[in-house]
Amino acid sequence: MSYRAPVKDMLFCMTELAHLDEVAKIPGFEDFGAETAQAVLEECAKLNEDVVAPLNWEGDKNPSSWKDGVVTTTPGFKEAFRQFAEGGWQGMQHPVEFGGQGLPKTIGAACIEMLNSANLSFALCPLLTDGAIEALLTAGSPEQQQAFIPKMIEGAWTGTMNLTEPQAGSDLALVRTRAEPQADGTYKIFGTKIFITYGEHDMAENIVHLVLARVQGAPEGVKGISLFICPKFLLNADGSLGARNDVHCVSIEHKIGIKASPTAVLQFGDHGGAVGYLIGQENRGLEYMFIMMNAARYAVGVQGIAIAERAYQKAAAFAKERVQSRPVDGSLPGSGPIIHHPDVKRMLMTMRALTEGCRAMALTAAAAYDAAHKHPDAEVRRQNQAYYEFMVALVKGYSTEASLEVTNLGVQVHGGMGFIEETGAAQYYRDAKILTIYEGTTAIQANDLVGRKTVRDGGATARAVAQQVAATEVQLAARDSVAARSMHKRLQAAREAYAQVVDFVVGNTKASPNAVFAGSVPYLMLTGNLVAGWQMARALLVAEERLAAGEDTDFMRAKISTARFYAEHILTRVPGLRDAILEGGDSVTALALESF
């Protein structure tokens, strides 16, 4: 089936949960209220439904290819990227002074979801370019910004992030790529980088590689890493493209998913040294690269929501068409579409609830980002920055793990047909797997949630989240509907379990680190579940009000039903996770190493 962007649900999340009207009061965002958001989303939907989505299956069958250092992307990708760039979509959230549109992240995130739902492999190129732009906006010199950012925003050039090396995956202290200072202020770069998304392709004139390397004589470990711009083509004095730089693609990976996205092995300096330009100061590269990584981590979380939405749409359509067996309640005289079967409905509702809960969580986090960066009140900026940073680990970690559950269920709804590649359900499952791995595995997000986001401030931010959840419980308690009562019961139990875990994490990380980190991923999953469930509770409250007023009754009834399902089938997982975290640490580490 073809993809249809869930514009209505996105607008609901933006306006009712993320409070877009408040975002539009922030200086610089005055023109981006609900009316503009709807117009932008509808236009974005057209491009992705009509141009990008039809290439998704084609990219899986005919992925990018490499020959003699040249990468050729899937037929149609180059033309689609040109339309994407000409529409100004690469510059959505970037500054107007560099050619961007300056949209708030609250709107931009929904557009990014659409692009990734339409074609995850295609969307990775703009994703990495966004990260490179963000890094240069933060740490690049004015000259570097003027030289590289406008071209990336217009889509003439794209960007990459070069961290990983054969011996250095997540442990960047092991980076060996070296940078030799030159008399003219440039550096010569030598080394190998692997897993470089869109490290080579044919969709743009130039590729701006941001590269982590170690300057000769730098301190060991992460403190000795610097960040460099190393473009595929060097620039002439007038900004035009000059000579080819000494960076070459020596192969691309053969992957289980996102096959159309070329994942390159790049060799720097085989012919005398690749020319690199230092960003900021020497030995501060990891600090700058984290700007890209944080932007990418949030975006990868949105990718999880996107692929979940696509899998849900396909499964729901199949369930309405596939005729198998008579319903157990006798409601049909003979065999009927499988959507009549209670277990199929359970699977579809799980897919729908997880997707909607994660979308609401991501868009409310985006609104916090907008306030953190643009609000005129310094204290409001500080509070929203702390909340947004806390949320990034959840959006990335929980949403991507949820996408695996959703895409797995999508295959299951299809039954035996789901195991056949031609139906397309398996592609979403295969594509989704990478999301829990790149830009930091789920365990890395969980370790970050424990260390930097919970323990470092003594649990203050984590407990502030619990207080906000408790305020929603008060609103639920004032309602007398079956859905509100059910949500209140489960949300309160989940929040109380979460509070116990926060106390455990804060109180034991230093004294018993193995006990805490044995439960770090369960802590992330518990917290993400709670926060997504909290947003579903807020959605339920709004939907009941709108339903009572007779507004969009079908949509509001569906929102209430989905929220209640989340409460009864997904929030109910939280107490079990709590028990595993508080009581299960010893069993994680008890088995002798030689017994594995």
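Please give the calculated 222 nm ellipticity per residue for the chain, where each DSSP H segment of at least 4 residues contributes -39500 (n - 2.57) and the sum is spread over every residue; nearest 500 deg cm²/dmol?
-17500 deg cm²/dmol
Taking a ≥ b ≥ c as the square roots of the eigenvalues of the Cα gyration tensor of the range 35-164, is the shape rounded (a/c under 1.5), prolate (a/b larger than b/c) or oblate?
oblate
Sort the range 373-483 into rounded, prolate or oblate with this rule: let a ≥ b ≥ c be the square roots of the eigenvalues of the Cα gyration tensor; rounded if a/c is under 1.5, and if a/c is not under 1.5, prolate when a/b is larger than b/c, oblate otherwise.
oblate
In what order, largest first, do 97, 401 sit by accessible area if the probe radius is 1.4 Å?
97, 401
Pop out the carbon and sulfur fraction of the accessible area of the chain as a percent, whole number, probe 1.4 Å.
That fraction is 52 percent.
Cα to Cα, under 18 Å, and not fewer than 8 places away if on the same chain: which aspartates and glutamates meet these conditions relative to residue 188?
Cα-Cα hits under 18 Å: 165, 180, 246, 270, 282.
Compute the accessible area per residue over the chain, keeping the other protein chains in place, probe 1.4 Å, unit Å².
Result: 40 Å² per residue.
Relative contact order for the chain: what is it in percent, counting Cα pairs under 8 Å that are at least 6 residues apart?
13 percent
List the lysines whose Cα lies under 23 Å from the Cα of residue 453, skipping any in the same chain that are fewer than 8 positions away.
Cross-link targets: 105, 223, 374, 396, 510.
In whole percent, what relative contact order does the range 303-455 give with Cα contacts below 8 Å and a gap of six or more residues?
Computed value for the range 303-455: 28 percent relative contact order.
Provide the packing ranking of 250-263, 333-346, 307-320, i.e. peptides ordered by the mean count of other C-beta atoms within 10 Å per residue, highest first.
307-320, 250-263, 333-346
Over the range 179-250, what is the relative contact order in whole percent, taking alpha-carbon pairs under 8 Å and six or more residues apart?
This gives 23 percent for the range 179-250.
Between residue 456 and residue 373, what is the label-to-label distance in nm when each label sits 7 Å out along the Cα-to-Cβ direction?
Here the answer is 1.9 nm between the modelled labels.
Using Cα positions and a limit of under 22 Å, work out the lysines in reach of residue 320, with same-chain residues fewer than 8 apart set aside.
Within reach: 8, 345, 559.
The values are calculated or read from the model by the stated rules, or taken from the named source; none is laboratory data. Predicted, not measured: the structure shown is a model, and the values here were computed from it. Ideal geometry is used to build each Cβ from the backbone, glycine not excepted, and the neighbour counts take in all protein chains shown. Side chains included, ligands, DNA and RNA excluded: accessible areas come from the protein's heavy atoms. Shrake-Rupley method; radii C 1.70, N 1.55, O 1.52, S 1.80 Å.
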